[in-house]
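**Q** The structure's right below; bear with me while I get my questions together.
Nothing in this text is a laboratory measurement; each read-out follows from the coordinates by a stated rule. Only a predicted model underlies this, so the values are computations on that prediction, with no experimental measurement involved. Glycine also receives a Cβ, built like all others from the backbone with ideal geometry; neighbour counts cover every protein chain displayed.
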Amino acid sequence: MIEQTLIILKPDTVQRGLIGEVIQRIEKTTLKIVAMKMVYANKAQAGEHYADDQEWLMSVGEKTLKSAEKKGIKLSRTALEQGQWVRQMLMDYITMSPSVCLVIEGHGAVAKIRMLCGGTSPQEATPGTIRGDFAIDSYMLADSSDRPVQNLIHASGTVEEAKREIKIWFTDKEIHVFKRVDEDLVYRKGSS
Ligand code: ATP
Ligand code: MG
């Protein structure tokens, strides 16, 4: 199925000069970049992107508690409190300097891009993934430094999430319709 997904190359990617490295990995898959721009996000955009949504706050919080538990650490915050705390820090992170936003389109784009990104915590992300290869941050280092995990890239988690997020960062006119030269091969139909 042809899908669209939103990617944000977060401020650490831009500050570290890794924009080209990361985009190259995405382009080489044959997925298509259909929109791209540099954005100095404001608090309103950040607040919309990291929505004050109970389900998302709980999922972020629970992921952190589980990771701490695995290391034998007991956190004092509940999952919801942890999620709310992370949300506040994410809004500072994403607005601290410019990011690069892209819409990527193609067969199975959402899941494929998530696999290229790797796990949320770069310390545990598989080598070969963007977060695994280009960063070393962890929940522990982030939490003890009062900031979110710096993991270079955001990618939508589902097709529905992508539809909501793309609208925050792009107008319809900024999303382009065109053909890459390799599409005839990638989406080739057999003769039988
Ligand atoms: P993203 O949504 O950015 O693609 P993800 O889906 O892997 O990442 P989420 O659980 O949605 O991860 O968390 C959103 C972001 O919040 C993470 O990318 C990370 O920067 C930050 N984050 C999540 N949990 C924590 C935590 N416990 N401590 C610090 N930062 C966190
Ligand atoms: Mg997410």
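**Q** Tell me the relative contact order for the chain as a rounded percent, counting alpha carbon contacts under 8 Å between residues six or more apart.
**A** The normalised contact order for the chain reaches 35 percent.
**Q** Can you pick out the pairs among LYS71/LYS112; LYS10/LYS66; LYS32/LYS173; LYS28/LYS112; LYS10/LYS173 whose Cα atoms lie more than 19 Å from each other?
**A** Too far apart for the 19 Å limit: LYS71/LYS112; LYS10/LYS66; LYS10/LYS173.
**Q** For every other residue with a beta carbon closer than 11 angstrom to the beta carbon of ALA162, add +1 if it is Lys or Arg and -1 if Asp or Glu, then tell me the sum.
**A** -1
**Q** Suppose every Lys and Arg Cβ carries +1 and every Asp and Glu Cβ carries -1, with no other charges. What dipole size does the chain come out with about its Cα centre, to the nearest 20 debye?
**A** I would put it at about 320 debye.
**Q** Please compute the modelled spin-label separation between ILE2 and ARG77, points set 7 Å along Cα→Cβ, answer in nm with one decimal.
**A** It works out to 4.2 nm between the two label points.
**Q** Viscosity 1.002 mPa s, temperature 20 °C: what is the translational diffusion coefficient of the range 42-96 from Stokes-Einstein with a Kirkwood Rh over Cα pairs, rounded to a whole number of µm²/s?
**A** The Stokes-Einstein estimate is 185 µm²/s.
**Q** Test of understanding: what is the full-extension gain from ALA51 to VAL39, defined as 0.36 nm times their sequence separation minus their Cα-Cα distance?
**A** 2.5 nm
**Q** What is the Cα coordinate range of the chain on the first, second and third principal axes, sorted by size from largest, in whole angstrom?
**A** Cα extents, longest axis first: 61, 34, 32 Å.
**Q** If you average the sequence gap of Cα pairs under 8 Å that are 6 or more apart and divide by the length of the range 42-96, what percent do you get for the contact order?
**A** That works out to 49 percent.
**Q** While we're on this one: Suppose every K and R has +1 on its Cβ and every D and E has -1 on its Cβ; what is the size of the dipole of the range 42-96 about the Cα centre, in Debye to the nearest 20?
**A** 380 debye
**Q** So what J values fall out for the range 88-105 if you push phi through Karplus, 6.51 cos²θ - 1.76 cosθ + 1.60 with θ = phi - 60°, rounded to Hz, Gly and Pro as x?
**A** 4, 5, 5, 5, 5, 4, 6, 9, 6, 6, x, 10, 10, 9, 9, 10, 10, 10
**Q** What value, in deg cm²/dmol to 500, does the helix sum -39500 (n - 2.57) over DSSP H runs of n ≥ 4 give at 222 nm once divided by the residues of the chain?
**A** The helix contribution divided over the chain gives -13000 deg cm²/dmol.
**Q** Percentage of Cα-Cα pair distances in the range 27-131 greater than 18 Å, rounded to whole percent?
**A** Percent of Cα pairs beyond 18 Å in the range 27-131: 63.
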